[in-house]
1. How much FRET efficiency would the formula 1/(1 + (r/R0)^6) give for Lys52 and Val6, where r is the Cβ-Cβ distance and R0 is 25 Å, rounded to 0.05?
2. Send over the per residue convex hull volume for segment 1-62, Cα only, as a whole number of Å³.
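Just so you know, all these numbers are worked out from the coordinates, no wet-lab data involved. Because the structure is a prediction, the values reported are computed rather than measured. Neighbour counts run over all protein chains shown; Cβ positions are idealised from the backbone, glycine included.
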Amino acid sequence: MAPEEVAEVGYKPLMAGGRVTVAGTVNKLMVFSRHLMPGSAQAKKNGKMYEKVHPEKVIRVSGEIREKETAGV
């Protein structure tokens, strides 16, 4: 999800006094699945999520969505 979308999803619950909001179906599934995993599996998953990605495999770059919107794409 784009940062702008995440901000939109989280703003209303925040203003209503909510403490935690998870944006996106895949993210919700990941959060839920962690309740079913042992700590060692969670640690392995965290390591995989935060490993450095080779520059050739980067899908998005910072500001890309904003640039498309201002360009009228």
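1. The value I calculate is 0.65.
2. 111
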